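One structure is given here, and the rest of the page talks about it.
The values are calculated or read from the model by the stated rules, or taken from the named source; none is laboratory data. Nothing here was measured: the structure is a model prediction, and the numbers come from that model. All Cβ positions, even for glycine, are placed from backbone atoms using ideal geometry, and neighbour counts span all protein chains on display.
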Ligand SMILES: [Cu+2]
């Protein structure tokens, strides 16, 4: 009798331990900082298209290849799990990811999506844009389509993962955007606080990568257990000239 009661207690406490450390409950988060004097964001001359110039008569467009936030953190860094997930496959979300041509620049400037997920490309401007995607990976198709009118929209996909696919507009040479195309949902783009968070990971050992369009990619190895959150920070600086 006594031993069977003990067995029940052991079984219940094991169950509690399993439930409290559910699978896919690990997280990796951190901040990306810029070391040194932040480069100034140059003003873009938009005169070539009077419609763009008119939209930016009071607030000039600024180059976005390096955006350092007021607190010294870095915006538009694509952070993702580069390796460690094995062969597991992940569902592709039904929702489309949106890329806007708005105010004669791309919003977002850097973003992520999964391979085979819908990318909805929208022209919000009363002027002609063309969206020219230049993937390099096998199976990912280049496309180049004009959207002459405000409100035009199209759907495209990339078949395979690729870090990163570059978009440009042949009408407005300053327009540029990058997407990280992933085989898993573990990616994050830093915003005004330079922070990233990769949630819902299985316990494991990972290579976390941080990609910045001008300064390239850095990686760090991180081991994380069920229910655990590990903090990893990255620091970018201007390469020596
Ligand atoms: Cu354009």
Residue that is over 26 Å from residue 199 (Cα atoms) and surrounded by fewer than 16 Cβ atoms within 10 Å (Cβ to Cβ), where the choices are 160, 145, 130: 145
Residues satisfying the stated conditions in segment 196-216, i.e. surrounded by fewer than 16 Cβ atoms within 10 Å (Cβ to Cβ) and either within 13 Å of the chain's Cα centre (by Cα) or without any contact (Cβ under 8 Å) to a residue 12 or more places away in the chain (or both): 197, 216
Flag if residue 185 is under 21 Å from residue 135 (Cβ atoms) and surrounded by fewer than 21 Cβ atoms within 10 Å (Cβ to Cβ): yes
Flag for residue 48 being surrounded by 10 or more Cβ atoms within 10 Å (Cβ to Cβ), modelled with pLDDT under 95 and under 30 Å from residue 148 (Cβ atoms): yes
Selection from segment 217-226 of residues that are over 14 Å from residue 80 (Cβ atoms) and surrounded by 14 or more Cβ atoms within 10 Å (Cβ to Cβ): 224, 226
